[in-house]
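Novice: This is the structure I want to talk about, given as structure tokens.
Rule-based calculations on the coordinates, nothing more; no lab input. Note that the coordinates shown come from a computational prediction; the quantities given were computed from them, not determined experimentally. Positions of Cβ are backbone-derived with ideal geometry, glycine not excepted, and every protein chain shown enters the neighbour counts.
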Amino acid sequence: MTTTTEWTERYQGAVMNTFGPPQTVLVRGEGSHVWDADGNRYLDLLAGIAVNALGHGHPAILDAVTTQLSTLGHTSNFFATEPQIRLAEKLVELVGHDARVFFTNSGTEANEAAFKATRRTGRTRIVVAEGSFHGRTMGALALTSKAAYREPFEPLPGDVTWVPYGDAAALEAAVDDTVAAVLIEPIQGEAGVVVPPDGYLQAARAITSEHGALLWLDEVQTGMGRTGAWFAYEESGVTPDLVTLAKGLGGGLPIGACVAIGAAGTLLQPGNHGTTFGGNAVSTAAALAVIATIEADDLLGHAVTIGDQLRRGLADHPLVADVTGRGLLVGVVLHQPLAAEAQKAALAAGLIINNATPDRLRLAPPLVLSEDEAADAVVALRGVLDEVSS
Ligand SMILES: *Cc1c(COP(=O)(O)O)cnc(C)c1O
């Protein structure tokens, strides 16, 4: 049997070093657990970064993918397929307004599609929040806050204005009739599950409407049930113009979507945009299975219950300053910058978590995480926090 150490050496000899050394090499997954090449078992509290909504090896996804692949696999977008049409209709139903969908393979591509749609307004300026993450391709990167990600690749598409996240007055001051769109994550995921003050999205909607700008919400991480609603913006009652999705949409199959509501749905016209793989039959079939399972098993309600259980279980630990997020997007803010140590100690204790920032841990477990698994997670995580604070 090839060990994790041997696999890691081979990885480093053949795979481009963009991610740093892997934490371990995984070989198998089942439900909320994964196993590495040495046979160690982990409770997966990150789910491939908010992707594996139904956990690992869920029969509904397996069945949808194998059935679709044995019926009809790739076609190109010269042709339409049944699951693609059904998924577009389903997403339109979930946003609850007249809308049109463009399918992609990833979150960054969903944002590229939306970015190009904003250019068809005849305006170019985009107002974006500090702390944002929107992806790594050149367009999405131009709209991503972290200078260390952006600066080595400049010049990037321009006319971007930065405002502090959650500050409605700053947004009001920045937006005028030259702005094409305001781009916001309803909860900032990569920044460590940062929730804006109440009323922020409503203010953003009012300000964009007043100036004829689009409200573009990046729900790549927060969407598809992650926060206990189909879309995190629902709680605010606003209707955005553009919604970008990916991560949880395909339950592990690569798929993203740009959903354009109302008049925004016709900004992109024939010849304006395209993709070879986007909206392929297999990934859209997987996404339909994910949505059907979330509905059948009430995983939206479950995400709220289990998310509250995790927050309640961790909030009173002496190292914890705050617990943030909604549903199963959970931020754990530490009093000290010990997140990297905690992530390592958690891995050694059989838990996969993420150190989003030096003092913020992020949990984004499968939406199917059970009450018992969540209880185990709380006990184990408290042990990890004890260990790193002693
Ligand atoms: C992950 C993420 C992206 C990028 O998605 P990729 O599939 O990695 O390209 C964009 N926006 C947000 C909010 C994300 O969390």
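Novice: Give me the one-decimal nm value for the distance between modelled label points at A148 and T178, 7 Å along each residue's Cα-to-Cβ direction.
Specialist: 3.3
Novice: Ordered by residue, what ³J(HN,Hα) values in Hz, to whole numbers, does the range 276-286 give under the Karplus form 6.51 cos²θ - 1.76 cosθ + 1.60, where θ = phi - 60° and Gly and Pro are x?
Specialist: So the J values, rounded to whole Hz, are 7, 8, x, x, 5, 4, 6, 5, 5, 5, 4.
Novice: What lysines sit close enough to K247 to cross-link, taking a C-alpha to C-alpha distance under 18 Å and skipping anything fewer than 8 places away on the same chain?
Specialist: Correct list for K247: K90.
Novice: Among D98, D167, rank each residue by its count of other Cβ atoms within 10 Å, from fewest to most, as a rough exposure measure.
Specialist: D98, D167
Novice: Please enumerate, by chain and number, the aspartates and glutamates with C-alpha under 14 Å from the C-alpha of K146, excluding those fewer than 8 residues away in the same chain.
Specialist: Within the straight-line limit of under 14 Å, K146 reaches these aspartates and glutamates: E130, E154, E190.
Novice: Let me know the whole percent of all Cα-Cα pairs from the chain that are separated by more than 36 Å.
Specialist: That tail contains 22 percent of the Cα-Cα pairs.
Novice: List W7, W230 from most exposed to least, where exposure is judged by having the fewest other Cβ atoms within 10 Å.
Specialist: Ascending number of Cβ neighbours within 10 Å: W7, W230.
Novice: Just the ratio, please: alpha-carbon radius of gyration of the range 305-356 over 2.2 N^0.38 Å, N its number of residues.
Specialist: 1.10
Novice: Next question, about the same structure. Per the Kirkwood definition applied to all pairs of different Cα atoms, how many angstroms is the hydrodynamic radius of the range 72-296?
Specialist: 17.4
Novice: Restricting the count to DSSP beta bridges whose residues both fall in the range 72-296, what percent are antiparallel, rounded to a multiple of 5?
Specialist: Beta bridges within the range 72-296, antiparallel portion: roughly 40 percent.
Novice: Let me ask another. Thinking of the range 107-224 as a set of Cα atoms, what percent of all their pairs are more than 23 Å apart?
Specialist: Summing the P(r) tail past 23 Å for the range 107-224 gives 22 percent.
Novice: Could you list I85, I184 so that the one with the fewest beta carbons within 10 Å of its beta carbon is first and the one with the most is last?
Specialist: Ordered from fewest to most neighbouring Cβ atoms within 10 Å, I85, I184 come out as I85, I184.
Novice: For the range 299-313, take each phi angle, set θ = phi - 60°, evaluate the Karplus expression 6.51 cos²θ - 1.76 cosθ + 1.60, and give the result in whole Hz per residue in order, putting x for glycine and proline.
Specialist: In residue order, the calculated couplings are 6, 5, x, 4, 4, 5, 4, 6, x, 5, 4, 5, 4, 4, x Hz.
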